[in-house]
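Chemist: Following this message is one structure expressed as structure tokens.
Nothing in this text is a laboratory measurement; each read-out follows from the coordinates by a stated rule. Note that this is a predicted model, so its numbers are computed, not measured. Cβ: placed from backbone, ideal geometry, glycine included. Neighbour counts: every protein chain shown.
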Amino acid sequence: MSEDEDGSERVQVSVWVNTDQRDEWDQYAEELGFESRAALVRNAVRYYYVAQTKFQNQKIINRLDDIDNTTNSIESKADSIKIDQLENSDIDILADEIQFRVLSGLQDLLGDVDSIEEIRPRSSDE
């Protein structure tokens with residue numbers, strides 16, 4: 001065991017690969033400017049971990065976005081239903097207003113009439 005530059009304990013991890021793979025990693029380390037094969041492997045592991053973590057986080061973010069979109073859709077449908085209910089209430093109010101005006105007009109024309117049912121059709125003789 002040895003100590004890292006920051007004083008933390010370091011341990012050796014052995015990785016068994018064939019010689020061609022080892023030589024290929026040495027070439028990668030040289031091309032990418034790493035001081036050793038070990039530095040290349042450490043950085044490759046860090047990079048892989050970050051990439052996988054970022055991928056998992058992105059999946060979570062995407063799922064949350066889906067939930068948010070679904071929630072917005074449900075809210076929109078609920079608002080539409082509320083509007084429909086308000087419109088139906090408005091229709092009831094309008095119907096009451098029309099009935100009141102028709103009855104008022106009939107009372108003016110025919111006298112004391114409380115409902116449309118009380119109006120008798122004129123006979124053809126009249």
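Chemist: Karplus couplings for region 96-103 from phi (6.51 cos²θ - 1.76 cosθ + 1.60, θ = phi - 60°), rounded to Hz, Gly and Pro as x?
Modeler: 4, 5, 5, 4, 4, 5, 5, 5
Chemist: Any chance you could get the radius of gyration and Dmax over the Cα atoms of region 2-118, in Å?
Modeler: Rg and Dmax of region 2-118, Cα atoms, are 39.2, 113 Å.
Chemist: Give, as a single signed number, the net charge of other residues whose beta carbon lies under 15 Å from the beta carbon of TRP25, with Lys and Arg counted +1 and Asp and Glu -1.
Modeler: So the surrounding residues net to -4.
Chemist: Tell me, what ³J(HN,Hα) does each residue in region 70-82 have, in order and in whole Hz, if you take phi through Karplus 6.51 cos²θ - 1.76 cosθ + 1.60 with θ = phi - 60° and put x for Gly and Pro?
Modeler: 5, 4, 4, 5, 5, 4, 5, 5, 5, 4, 4, 5, 4
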